[in-house]
Every structure is written in structure tokens, then in C-alpha cells.
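Taken together, the values in this text are just the output of simple stated rules run on the coordinates, not laboratory data. Since we're looking at a predicted model, the values are computed, not measured. Heads up, the Cβs are rebuilt from the backbone with ideal geometry, glycines too, and the neighbour counts pull from every protein chain shown.
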Amino acid sequence: MANVRYHVSLRSLTHVFQDSRRALTALADVALDVAWGQFLTVIGPSGCGKSTLLRIIGGLLRPSEGEVLIDGAAPVESQRRRDIGLVFQDPALLPWRTVLSNVRLPLEIDHGARDRTAPSPEELLELTGLADFHSYYPHELSGGMQQRVAIARALAFDPSLLLMDEPFGALDEITRSAMRYELLRIWSAGGGAPSGAEGRPTRRPHKTVVFVTHSIPEAIALSDRVVVLSPRPGTVRAAIDIELPRPRTQEMERTAPFLDYADQLRNLLKEAPA
Ligand code: ADP
Ligand code: MG
């Protein structure tokens, strides 16, 4: 398994939404590699195909053309092994279940699939700072807390790949900027998934994350690498390595290197509208 160089590899990816009346090209000729354990963010204007891209990587949508490899195989393979965790803007919790029982839900639906080494739902609540709220119902939690539950639930099978589509997009600005550091803490503490299907002990330093946002500071603060998409049809306009030290802190957002990255991204995002 370690001989697969990239965790995620996309080649010549094009997606056209077609119905009886029209064809809409959402993504055009996208190429992208995501290294094992990398935190990669895709940024681009609304409607440029970010969610489409993430759904294709997650095996929820088949691309019209091109190749998608996750750990060297089709996304459905990773999906079958429960090796992909998904978090969307809407936490989509079941209102009649407590926090703990929402986090347990994937395991109840699919008993056999949990790796022996996966953390228990209780451990996931500890990791996401929810231990004291295990018996709360979703409506009793703030938006940020609800999104933590969604993150804990996405980690139930200890996936090696986490796909996040604007997970903090519905939160107020203060909560949103705190949540990015909370996510980094969880990412650092959560460890990598076992690399072998048989639970071989080789552990990677981190889970691989593909994160979608249209917030520039969020992209910089979180990422090892930021990929900028053009307006629809989305193509890769640039990829920028963020060489800020880790752990990242909120104070870093005011430093010159951070602000330089922000300028660079802002220019790339406004260049040559389609
Ligand atoms: P983003 O997440 O970057 O805002 P999306 O990937 O959601 O963009 O959408 C890209 C384009 O594809 C948009 O023009 C959107 O209207 C269109 N689109 C998305 N999903 C569908 C669908 N199921 N059927 C038809 N068009 C779609
Ligand atoms: Mg979207």
C-alpha cells in the first residue's frame, strides 16, 4: 500500500451535468495530487465546481471523463472499506438522537466495518471536546458544537481520508475562526489511519484532508497546500504551498507571511474572470 505515491490522484477530470434540455460543464480537465497525510484546501468562487469535485473524490458522483484514484484504486473501493469520512456544511444530525448516539450511528448501521484500532465513540467525543455533552440533543448545541459532532461521526471508522465541504460555512465569523484551530488540533491528535487493511501497525502522522472553502484566511491557516480553481468550469489555476510552521495559531493570521499568502490568493481568485 505504501507504494501508492499519492493518496488522491486526479487526471484529466471533466464533469458535465446533462439533462434533456442542456449540458453544463462543472469541471474541465482537472489534475490534482494529494500526498499522504497532506492537508489540502480547494478554494474557488461559488459555483466553480468545488462540491462536484469533492463528491467525485468521495465516490458519490462518477465523473464524465478522467481518472480518479484513491490509494491507487477507484473511490468506491475506499468507500466500501469506510476509509473516507465526509463532513458537509449542514451537520445533518438526527434530532431525536443524543450526541453520543449520533456519533455511534455509522457503527450501528455497519457493524462489521469498524477497524479494531478505530477509536470508540466515547474517545471521539473526548477528542472533539464533546465529552461533557454526550447526552445532549442537537438542538441544545450551538452551530459550532453541532459541527464537532459531525466531525466526530465522520471519524467513526478512522478513515485515512477526510473530505470537508465548507464545514464552517454556516457559522458566525468568531466561531468559524476558532473552529479552524479546533480542527487542526483534532487533526494533529487524531493520528493517521492504519495503512494496512489488516491493521498493520504502520501509522501515518495525519489523516489526509481535502477541504473546500471560499475563505482565504481559513485556507491559509489550515493547509499545507491550497489549490485555486477558476470560475466555472473549474480548472486548476494555481497550487500554492503554505510554508507556515505548525502548530498554526490565530496570532499568525496577522503576520507578514500570512498576509502575503492572502494577497497572492486574492489576486489569483480575481484574475481573468471567465
Ligand atoms: P461550488 O461547490 O463550487 O459552489 P458546485 O460543484 O456545487 O459548485 O456546482 C458547480 C456547477 O454545477 C454549478 O453551476 C451548479 O449549478 C452545477 N450543478 C451542481 N450540481 C448539479 C446537478 N446535480 N445538476 C445540474 N447542475 C449541477
Ligand atoms: Mg459547494
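For the stretch 121-157, the residues whose amide N sits under 18 Å from a probe point set 7 Å from the Cα of D172 along the beta carbon direction are 139-148. For the chain, the residue among V4, S215, W96 whose Cα projects farthest onto the positive side of the dipole built from Cβ charges is V4. What's the percent breakdown of Cα-Cα distances in the chain across 5 Å bins, shortest bin first? Over the chain, the share of Cα pairs per 5 Å bin runs 1, 6, 13, 17, 19, 17, 14, 9, 4, 1, 0 percent. Spacing of the modelled spin labels on D29 and L259, each 7 Å from Cα toward Cβ, amounts to 3.8 nm.
What FRET efficiency comes out for A189 versus E77 if R0 is 35 angstrom and r is the Cβ-Cβ distance? Round to the nearest 0.05.
Values: r = 28 Å, r/R0 = 0.79.
The calculated FRET efficiency here is 0.80.
For the chain, the relative contact order is 25 percent, taking Cα pairs closer than 8 Å that sit 6 or more residues apart in sequence and dividing their mean separation by the residue count.
How large is the dipole of the chain about the Cα centre if only Lys and Arg carry +1 and Asp and Glu carry -1, each at its Cβ, rounded to the nearest 20 debye?
On the way: 31 positive and 33 negative charges, 95 e Å.
So the dipole magnitude of the chain works out to roughly 460 debye.
Close amide H partners of L155, meaning residues 5 or more places away or on another chain with modelled amide H under 5 Å apart, do not exist here. Taking the charge dipole of the chain about its Cα centre, with +1 at Lys and Arg Cβ atoms and -1 at Asp and Glu Cβ atoms, the residue from S46, L155, G72 reaching farthest to the positive side is G72. Kirkwood Rh over Cα pairs of the stretch 89-152 into Stokes-Einstein at 20 °C, 1.002 mPa s: D in µm²/s? Reported coefficient: 181 µm²/s. Quick check on the stretch 46-155: take the gyration tensor over C-alpha atoms, sort the square-rooted eigenvalues as a ≥ b ≥ c, and tell me if it's rounded (a/c under 1.5), prolate or oblate. The shape class here is oblate.
Placing a label point 7 Å from the Cα of S64 along the Cα-to-Cβ line, the residues of the stretch 210-237 whose backbone N sits under 12 Å from it are 233-234.
Can you compute log10 of I(q)/I(0) for the stretch 223-274 with the Debye formula, treating each Cα as one identical point scatterer, at q = 0.31 Å⁻¹? Values returned for q = 0.31 Å⁻¹ are -1.25. Between rounded, prolate and oblate, where does the stretch 1-112 land on the alpha carbon gyration tensor, with a ≥ b ≥ c its root eigenvalues, rounded for a/c under 1.5, else prolate if a/b exceeds b/c? Here the stretch 1-112 falls in the oblate category.
For the stretch 9-71, the Kirkwood hydrodynamic radius comes to 12.4 Å, computed from all pairs of different C-alpha atoms. Once a ≥ b ≥ c are taken as the square roots of the eigenvalues of the Cα gyration tensor of the stretch 37-97, is the result rounded (a/c under 1.5), prolate (a/b larger than b/c) or oblate (a/b not larger than b/c)? It comes out oblate by the Cα gyration axes.
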